[in-house]
Amino acid sequence: MPNPKEVFENHQQHWNFITANSDDVFEGQHFDRKEVPPIGSDGHVNRNDFKRFKNENMVTCISAFANSNRDGGLLILGVSKTGEIKGIGHLTETEINSLTVFHDLLKNQTAIVNFAECQNSAGIAEKILMIYVPFTSDAICETLDRSPKAWIRSGAQNLLINEQQREQLKREKQITNFENGYCCPFYIDDLDKDVLQTFSEVYHKNANYDLDDKELLYEAGAIDRDGTDYVFNNAGFLFFARNPQRQLPWAYIRLMRFEANSNETESRGLPTFDQKFEGSIIQQIRKIRSFLGESGFFKTYQKRNSNGGFIEEPEFPLIAVDESIVNAVAHRDYGTQIPIECIHYRDALEVKNSGRILQRDRDLPSQFTLQDTTLDSMPRNPKLIEWLKMIRDEDGAEFVRAISEGTKRMRDEMHTAKLHAPSYKIGDSHTNVTLFNNATEREAYLRAASILQESTEFTNIFPLHFVTQDGQPADPDILRDHRKDFMIILKDALKAKGWYVDRLRYGTLTVHRRNSELHLPQEVSKFIRFYPAYKIQLRNYWNKFYLCIDYTLEVKNILRNNEILKRMPSFDLNGRRAIAQLKDWYDAKIIKADTELTQVYFFDVNREESIASDKVIPDLPIDSLKNILSDSSIQYDLSKEIKRHSLALDPSSARIRVEKITQMVQDIGKSVFPLIMENLNVLLSTVPEPLSNENMPNTLQVQTLQEPFVEFRERRKLPDIRQGITKFGSYEDPKKTIELVPICTDQLRNQMDQLIVRLNTGKYKYSGSERTFSTNFVYNYVDPIPETDRILGECRRLLDQHPDWIGEKELNRLFLIHTPEQGYAKDDQNAPYYQIKRYLLENGIPCQMVDTPTLLNPDWKDLNLCLNIIAKCGVTPWVLPNSIPDADFFIGLSYTQSRIKDAKRLVGYATVFNEFGRWEFYLGNMGTFSYEQRTQYFANLTKQTLKKLDQLGKLSDSPNIYFHYSARFSLDDRQAMLKAARSIYPNGTYSFVSVNLHHNVRLYDSRAETDGSLSRGSYVVTAPHQILLSTTGYNVYQKSLGTPKPLEVTIWTERPDTNHNSEPDLKSLAVQILSLTKLNWASTNSLCGEPITTKYAGNIAYLTDAFLRQGGEFRLHPTLEVTPWFI
């Protein structure tokens, strides 16, 4: 299409275009032509028709061209719809002159005219009138009425605009400035502190002076003065407020998925995924970047690598997706009350944005691609764009680029991925960008190229097959409601084939072969037997049933009750499991023990009986067995030997375990199976279920995540924590001085002195506290005491002497105490360790206990010890560089159960982490409760936790909260917590995540380069709401002894009533959990076996259980609630 001004100035060169035989060819966004009214029967043009023609054609067209087209527009008078020259020669001179004068019709226009001499179809001389209308850049071209009218051009139409469109037009022409418009009064509590801090660091770098927060925002143009008060303008509120949706509820990003193609919008149905990304525009970008980068929202195509293994190819290049969304956030018209919509179809991603793309010197066609068009845009929101350019992302790059640079990257990334260039559609008030994924062709190619190869990855589950008596396949649904019956049938069948049944409890059958005890020293075997055993569970994955079989070690006491009661009190036996003899040996529980008779309850026959104590063999805990050996003067490291025979000390134990399990399965597959159940034959496959890299139905698909990085000082990042902390230093650079209060016996005084010197100076790779943690340790002197039992008294004396130390909020002081470990069991609540720790914690004093081996030789322990100290004193050692996808906060929930005065009492608590995995606070000083009160207690705890987050100004109106727990919570518990959460934040999305290690599934990889276990970061989807995640499998950071067990992670997500409850994103869940295994501030190891949410809950449970057993309620001092006091 030619330029309108060029046609106006050189009409002869474009005569064929002007006289095109159809308006469809000529008329459009920049061109229009009209036939003027003809002469009437009286020989004159009707005056009313002529006036109507000017108002309905000329006025509307000139106004529309002036308001819409940066290239202007051309209106030609005297040409018919079919291109025939009708001319204007029949008009009077007055009438012709009135067609060339516009100032009495419209204001804010600069139209110019030109007459073109020509001939009509009869060969008679004629002329036409050409009116060129330049763009009015700084005003609206409108009528002169009291209520002026204005039009915009949309294709070949002139559209009368309403008041909302008028305001939008003013914003596009920058007649009014939405960014500078008043938004609301300024309150410091409305600010997003993280965004302000990040912006402040950059702003002050470029300034020669420091400003407080209010002055900074005023200088930057985010707030304005209103008399003596300050007010937010729209740009400032969008950028710096933590919840701009309170005033501008449409200013968010909406991400949706439809199971339809992009050309099926009329029949696409309801979205299968629908999620909002809210907060300041910085937070919106961060959240959706993190979500799309780490979640499984987009497909990932796995292709076999010619060098072995697999390579991943994303559905869309993430850079192209990111640029399209960031451009929408930066350049959208925030005055239009519609959110940004990102819509994922089967074949495309469409980003819909309010406001047309504003070009500097030309107009864009209504449809184009970046293959043939280069954009040179004029910023609609110059403040927001300037601020966004000042902010850097996690990699140090600008949040936004010039749109020409960004769109060029989009085009190049799509080209590299062999996908079509981004496509644009521009309407009167919107811009749509579409990225096509070419999914149909790509998936067809991958299916055709797929070569079935034997998988090296597998698990310890073995398929069960069901056939009728005549050999036909049968429906396995019979097992769904008869799991217990099946396990009893299996137990009886194994027993009949020479297996000893150790127990059938909670769905797990434990068995060992009779007469298969392992060799032990003769003096040990008088008391104890070791049996190689197997745990068997029935599992159902994707509507298929399996037997899960794992190797274990059964440690059996062989002493009878009458012999044991000579060594330990009878109350230690009451309530314990045992085997007791009637005619045969049966599973039983000891009710009351005596040297002569023992009262037992028999599970199989459901009755109590008193039998001779020499016919009862109790199950004893390991500590009791150790005491028996010790009392008999037998030197034997029972714990080490149990680990050795349990395959927990051998680096190749995974392969040994597989070999043992395989032999066992091959044995029972022939000797025990098939089983008969409900007239069906149940067969056991002796081949373990493989893990597939292909996305195929009814298979266990394995996917692998990248090892998460963590961030240290000056945004340096590494996945190796120990290397990162010693090379770069802690994330926070506090320049902190911590006063240590060292307490130990006089014999260890010199060692305590040397330890503190070591903490400050370091050794080997540890460079000392100042270089590593920007912290200096000082102390007046080592406080020696004559005996260790006086440590608690010394702590009391010091706090009596210095009451100002109690609950000191600056956390600049820590008690460093040597506590003896000899003579006390590890969990002895009366040990000095627990007594001293409880006293100091209840008085708000950070404390660190030091054992004797560390004092005598701190080599390789000094770094972790220093890490514990600085973390307890409020220094953040490392965090995740990116926010965890799809999350605002993680709340770890757990409870400790102890027997207090013959009654079971519980104490519950919450640990809170932000989206970067940073510790926020602990909440748990709410008293003890009974098990029956648990549901209401945790509902109250949930409410109190969210209230505290609300008071701290940490949450938007629709937060995304994850509750993690490894303790058992029922559906009623979850519903009560959900109701409590909704009472605080009704529009929140709440996910309940169970992290379970109490199962027997293991994941293996037989490749020679591994240790036999499936690599860390691999996860297997076992149900729509469940994954198995390998967190301690084969990795380059830590050698594994034994066979790692994956986490079984199950999620239930509850979205607001207004949102569609779509299936959870399991890749996003896996990323969350794996990322949270990197944040154990108790150790510089690069990984932890479980997420820090449940790991810390376990640490708290261990301590609080001991405190409860001491008596009285433990109440942590509020000062320490913001530190990880328990590490």
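The values are calculated or read from the model by the stated rules, or taken from the named source; none is laboratory data. On a predicted model such as this, the values are computed, not experimentally measured, just so you know. Positions of Cβ are backbone-derived with ideal geometry, glycine not excepted, and every protein chain shown enters the neighbour counts.
Filtering region 45-88 to residues that are over 21 Å from Leu106 (Cβ atoms) and free of Cβ contacts under 8 Å to residues at least 40 places away in the same chain leaves only Asn46.
Considering only residues that are surrounded by fewer than 19 Cβ atoms within 10 Å (Cβ to Cβ) and aliphatic (A, V, I, L, M), look in region 757-778 and name the one that is nearest to Leu1087 (Cα to Cα). Only one residue fits best here, namely Val757. Within region 664-691, residues that are more than 13 Å from Lys497 (Cα to Cα) reach partners that are buried (at least 16 other Cβ atoms within 10 Å of the Cβ) and among the acidic types (Asp, Glu) with beta carbons closer than 9 Å, at six or more positions or on different chains, in the pairs Pro690/Glu457; Leu691/Glu457; Leu691/Asp1005.
The residues in region 838-867 that are in contact with a strand residue (DSSP E or B) (Cβ under 6 Å, 6 or more places away or on another chain) and either assigned by TED's automatic domain parsing to the domain that holds Glu915 or not aliphatic (A, V, I, L, M) (or both) can be counted, and the count is 4. Exactly one residue among Asp950, Asp851, Asp859 is surrounded by fewer than 16 Cβ atoms within 10 Å (Cβ to Cβ), charged (D, E, K, R) and under 21 Å from the mean Cα position of the chain (by Cα), and that residue is Asp950. Just one of the numbered conditions (1) more than 17 Å from His331 (Cα to Cα); (2) buried (at least 23 other Cβ atoms within 10 Å of the Cβ); (3) polar (S, T, N, Q) is not true of Thr228: (2). What do you reckon, is Arg813 in contact (Cβ under 8 Å) with a residue 60 or more places away in the chain, touching a strand residue (DSSP E or B) at 6+ places or on another chain (Cβ under 9 Å) and at positive phi? No; evaluated as a whole, the condition is false for this residue. Screening region 1107-1126 for residues that are in a helix (DSSP H, G or I) and buried (at least 22 other Cβ atoms within 10 Å of the Cβ) and picking the one that is modelled with the lowest pLDDT gives Phe1107. For Ser324, the stated conditions do not hold, so it cannot be described as of a type in the set (Gly, Ala, Ser), modelled with pLDDT under 90 and part of a helix (DSSP H, G or I). Checked against the criteria, Ile642 does not count as β-branched (Val, Ile, Thr) and over 13 Å from Val555 (Cα atoms). Of the residues making up region 1071-1097, those that are polar (S, T, N, Q), over 15 Å from Ala887 (Cα atoms) and touching a Leu at 6+ places or on another chain (Cβ under 8 Å) are Thr1077, Ser1083, Thr1084. Among residues of region 839-853 that are touching a residue at least 12 places away in the same chain (Cβ under 8 Å), those with a beta-carbon under 8 Å from a residue that is in a strand (DSSP E or B) and among the aromatic types (Phe, Trp, Tyr) at least six positions away or on a different chain give the pairs Leu840/Phe815; Ile845/Phe815; Pro846/Phe815; Cys847/Phe815; Gln848/Phe815. Of all residues in region 913-941, those being acidic (Asp, Glu) and either surrounded by fewer than 19 Cβ atoms within 10 Å (Cβ to Cβ) or assigned to a strand (DSSP E or B) (or both) number 2.
I'd like the full set of residues that are surrounded by 17 or more Cβ atoms within 10 Å (Cβ to Cβ) and either of a type outside the set (A, V, I, L, M, F, W, C) or farther than 20 Å from Tyr500 by Cβ (or both), limited to region 600-614. Residues satisfying the conditions are Ile611, Ser613. When restricted to residues that are buried (at least 17 other Cβ atoms within 10 Å of the Cβ) and at pLDDT below 90, region 732-744 contains 3. Within this structure, Phe929 fails the test of being more than 22 Å from Pro1056 (Cα to Cα), modelled with pLDDT of 90 or more and not polar (S, T, N, Q).
Number of residues in region 220-245 that are out of contact with any helix residue (DSSP H, G or I) (no Cβ under 8 Å at 6 or more places or on another chain) and not in a strand (DSSP E or B): the value is 4.
Just one of the numbered conditions (1) in contact with a Ser or Thr (Cβ under 7 Å, 6 or more places away or on another chain); (2) crowded, with 18+ Cβ neighbours inside 10 Å; (3) closer than 29 Å to Asn21 by Cβ is not true of Ser63: (1).
Quick grid of which residues meet (1) of a type in the set (D, E, K, R); (2) in a helix (DSSP H, G or I); (3) over 24 Å from Gly844 (Cβ atoms):
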position	(1), (2), (3)
Asn681	no, no, yes
Pro688	no, no, yes
Glu714	yes, yes, yes
Ile725	no, yes, yes
Thr737	no, no, no
Phe777	no, no, no
Asn780	no, no, no
Pro784	no, no, yes
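Within the set Leu349, Leu370, the sole residue that is out of contact with any Pro (no Cβ under 8 Å at 6 or more places or on another chain), closer than 30 Å to Met1 by Cβ and of a type in the set (A, V, I, L, M) turns out to be Leu349. Kindly indicate whether Ser1062 is among the small types (Gly, Ala, Ser) and either under 19 Å from the mean Cα position of the chain (by Cα) or closer than 30 Å to Ile1100 by Cβ (or both). In short, yes. For the residues Pro719, Pro690, Pro784, the requirement of being touching a Lys or Arg at 6+ places or on another chain (Cβ under 7 Å) and surrounded by 14 or more Cβ atoms within 10 Å (Cβ to Cβ) singles out Pro784.
The residues of region 1076-1101 that are free of Cβ contacts under 8 Å to residues at least 40 places away in the same chain and farther than 23 Å from Pro708 by Cα amount to a single one, Asn1099. For Leu248, the criteria (1) outside any helix (DSSP H, G or I); (2) modelled with pLDDT under 90 hold in every case but one, which is (2).
Quick grid of which residues meet (1) within 22 Å of the chain's Cα centre (by Cα); (2) assigned to a strand (DSSP E or B):
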| position | (1), (2) |
| --- | --- |
| Tyr1004 | no, yes |
| Thr1010 | no, no |
| Val1020 | yes, yes |
| Leu1028 | yes, yes |
| Pro1044 | no, no |
| Val1049 | yes, yes |
